[in-house]
Amino acid sequence: MGKQTWGIVPLPAFPPSTLPPIHHSSLPAFPHSSVPAFRPNDFAVPNFVTLYLQSAMTHILLIILTALLCGFGLLLSALAFSGTWMVLLAALITQLVRDVPTLGTLVIFALLCITGEVLEAFAGFLGVRKRGGSRLAGFTALIGGLVGAGVGTGVVPIIGTILGMLLGSFGAVFLTEWLRLRHHGQAAHIAWGTVWARLAVLFLKTALTLGMSLWLIGSLLHS
């Protein structure tokens, strides 16, 4: 056999393209503003949803704060302190934040707080006078209650305050009326009047604080 040679097979020649050449000027031109650019805020939560969530959270936190202040005020009233003012403070906060309650309600709350303080201050005096005690015994009931509350607070806080107030009023009135009447039974009868009067005002202020708290929280829940 003869020597075999390997050659390169030539590729077939293709005719030149009959398509017209493409120039950049022949492409359609799109204005730059018509091509939307990607913006991260396109997929963000709408503003009204964010504002609604923020408002809802503020409302919930305000209700919690109001409930805490009212609960603390109720505890103070039950312990013979001025808890109604805590409810008034909560009402002022809610009025500034949510415009609840109305200004008229705030005025009523303030008047109730002042009325409770006046009744508490003169409870011993009124109790003494109702049972036939002297004016001097009525004033000593006020002074004895203040002194007793201060001493009781120093000995046993909170509980001592209530007991000291009652014992101080009773002791001051009893001593005053005994010196006037020289009769133990009658003096004790008048002295018990100041004790029952102070207890009545204590329950009244507690109920007043509870009513104000329920009104305020109910107004917030319906706002």
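The values are calculated or read from the model by the stated rules, or taken from the named source; none is laboratory data. Note that this is a predicted model, so its numbers are computed, not measured. Using ideal geometry, Cβ is built from the backbone for each residue, glycine included, and neighbour counts are taken over all protein chains shown.
Couple of notes before you dig in:
- Condition check for Glu177 on (1) among the charged types (D, E, K, R); (2) buried (at least 23 other Cβ atoms within 10 Å of the Cβ); (3) under 19 Å from Gly83 (Cα atoms): one failure, at (3).
- Evaluating Leu75 against the criteria (1) farther than 22 Å from Ile93 by Cβ; (2) at pLDDT 90 or above leaves one unmet condition, (1).
- Test for Thr140: is it hydroxyl-bearing (Ser, Thr, Tyr) and in contact with a Phe, Trp or Tyr (Cβ under 9 Å, 6 or more places away or on another chain): no
- Positions within the stretch 123-158 being of a type in the set (Phe, Trp, Tyr) and buried (at least 18 other Cβ atoms within 10 Å of the Cβ), in sequence order: Phe125
- Looking only at the stretch 72-88, residues that are over 11 Å from Met212 (Cβ atoms) and assigned to a helix (DSSP H, G or I) come to 4 in all.
- Each residue in the stretch 87-122 was checked for being over 18 Å from the mean Cα position of the chain (by Cα), surrounded by 16 or more Cβ atoms within 10 Å (Cβ to Cβ) and more than 19 Å from Gly71 (Cβ to Cβ), and 3 pass.
- Hey, Arg198 charged (D, E, K, R) and more than 40 Å from the chain's Cα centre (by Cα) or not: no
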